[in-house]
1. Whole-Hz ³J(HN,Hα) for each residue in region 232-249, computed from phi via Karplus 6.51 cos²θ - 1.76 cosθ + 1.60 with θ = phi - 60°, x for glycine and proline: what do you get?
2. Based on DSSP, what percent of beta bridges with both residues in region 158-283 are antiparallel, to the nearest 5?
3. Given Cβ point charges of +1 (Lys, Arg) and -1 (Asp, Glu) and nothing else, what value in debye, to the nearest 20, does the dipole of the chain about its Cα centre take?
4. Largest first, what is the accessible-area ranking of T78, T152 with a 1.4 Å probe?
5. Could you work out the relative contact order of the chain, using alpha carbon pairs under 8 angstrom and six or more residues apart, expressed as a whole percent?
6. Take S155, project a point 7 Å from its Cα along the Cβ direction, then tell me which residues of region 286-327 have their backbone nitrogen under 19 Å from it.
7. When only the heavy atoms of the protein chains count and the probe is 1.4 Å, how do K88, K128, K322 rank by accessible area, highest first?
8. Taking the 0 to 90 degree range and rounding to the nearest ten, how far is the long axis of helix 130-142 tilted relative to the main principal axis of the chain, both from C-alpha atoms?
Amino acid sequence: MVGALLTAEGYEVTETPSGVEAVARVREGEPDVALVDLMMPGELDGMATLAKLRDAAPDLPVIMMSGRAGLADAVKATKLGAFNFLEKPLTPEGVLLAVSSALELRQTRRVARALRAELGFAGQMVGKSEAMQGVRQLIARVAPTDARVLITGESGTGKELVASAIHDGSERRDKPFVRVNCAAIPRDLVESEMFGHERGSFTGATAQRIGRFELAHRGTLFLDEVGDLGPDAQAKLLRAIEAKEIQRVGGNRVIRADVRIISATNHDLQRAVREGLFREDLYFRLQVIPLAIPPLRERGDDILELVEHFSEQFLQRTGQAKPRWRSDALQLLRDYPWPGNVRELANIVERLAILHPGAEMTGQQVEDVLIVDREDEASAESTASTPTRERERVAGIREPAGPAPTSLAEKLDGFERTVIARALAETGGNVADAARRLQTDRPNLYRRMKRLGINATRV
């Protein structure tokens with residue numbers, strides 16, 4: 001009867017006589033909505049089928065139906081992830097409304113996933129190397145829990161992608177995934193950004209602001225570059241984690257914050273703790289589960305899979321023919337050390353695809369775009385013994401032509417330019433590390449670099 005009703009309304013309906021067959025059908029081709037009876041014969045009853053369906057298709061909305069269920073059954077089904085619970089006798093209006101609402105949820109999830117992928121908050125984890133298999137296995141074990149995870153790895157290895165995968169594999173997958181770039185928040189605005197503020201709480205607070213903790217309620221809060229937080233921000237973050245509640249700046253109301261925290265950093269936080277730059281108690285709170293991402297140079301033939309993956313992405317994004325790769329070109333890509341990791345590889349593939357649309361990539365064409373990176377890498381390695389003028393060239397400084405500066409402003413700018421250039425050279429062009437050496441925040445350093453004409457493109 002339910003099938004006939006939905007078919008008459010224009011839906012494409014597939015019926016199965018048991019939970020086992022239903023799970024098998026879903027694995028073959030995922031439907032948009034599933035309606036499952038609580039009482040079913042065979043190996044799997046309705047609750048067991050619901051649990052299996054959630055494992056097989058986490059985004060599939062499941063509507064439970066029963067004529068004998070009590071409140072306890074409805075609560076259990078909801079905890080297992082059921083979208084709705086319909087009591088028999090069913091009404092056509094109730095069934096159609098439930099299915100329509102479930103379809104809206106399904107479409108919303110698809111749109112949200114697509115937007116997150118476009119914004120860089122989601123994506124496919126590519127690679128079958130032993131190192132990546134270990135990462136996947138740990139994600140699978142950690143994701144269903146609420147444990148806090150600290151993701152470590154070099155810049156460009158895909159820490160945000162791993163954080164997103166953990167969120168998608170958790171019971172919070174349908175709730176917000178909120179990202180905070182800790183390195184980009186000015187120190188005097190950290191509390192407002194994290195916890196929000198009330199109108200008039202400080203100069204410029206013309207309206208109430210909801211903080212990231214509040215936005216992530218019942219979901220996941222991803223603290224990217226957490227090692228860049230200053231001492232005051234670390235203390236406030238620790239209090240929020242321990243108390244599981246926050247207060248907006250200028251407000252008196254205590255707000256419950258049920259969030260799962262995933263952090264990421266490309267710094268050695270253990271060393272930062274030893275040097276007194278990072279709170280030991282916060283470090284242990286964040287690192288319940290440590291998860292290290294291997295650099296691309298240790299992932300072997302994953303590089304070749306990633307090349308094909310990024311080529312296909314270029315095709316889907318632009319509609320232009322994707323590049324084809326000769327064996328000598330792939331070998332060069334395979335042997336390159338990739339100091340910028342996966343992010344650098346994606347940029348190189350896109351650059352070649354734009355420069356040689358639809359062409360067969362040769363070793364020479366790859367060599368042409370990699371040679372600059374190799375020269376920069378060699379220059380960075382030799383900065384310790386390189387004269388000051390050469391180190392400034394590595395950092396992308398252009399010395400002004402003409403006579404030496406005479407005014408105080410020019411002399412101060414020249415001194416500041418030299419100090420920043422040396423810090424960048426000594427850190428291999430890492431702006432965040434240079435900012436720490438200069439005891440400032442990264443946005444401020446970027447502003448100074450722009451004002452002084454320091455080329456940040458290579459950085």
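The values are calculated or read from the model by the stated rules, or taken from the named source; none is laboratory data. Computed from a predicted structure; not experimentally measured. As a convention, Cβ positions derive from the backbone with ideal geometry for all residues, glycine included, and neighbour counts pool all protein chains shown. Accessible surface areas use protein heavy atoms only, side chains included; no ligands, DNA or RNA. Shrake-Rupley method; radii C 1.70, N 1.55, O 1.52, S 1.80 Å.
1. With coefficients 6.51, -1.76 and 1.60, one gets 5, 5, 4, 5, 5, 5, 4, 4, 5, 5, 6, 7, 6, 7, 9, 9, 5, 4 Hz.
2. On the way: 4 of 14 bridges.
Bridges in region 158-283 are about 30 percent antiparallel.
3. Working: 63 positive and 67 negative charges, 282 e Å.
Approximately 1360 debye in magnitude.
4. Details: T78 90, T152 45 Å².
The most accessible residue leads, giving T78, T152.
5. Working: 667 pairs, mean separation 53.3, N = 459.
12 percent.
6. Residues 293-298 fall inside that zone.
7. Details: K88 90, K128 150, K322 60 Å².
Result, largest first: K128, K88, K322.
8. Rounded to the nearest ten degrees, it is 50.
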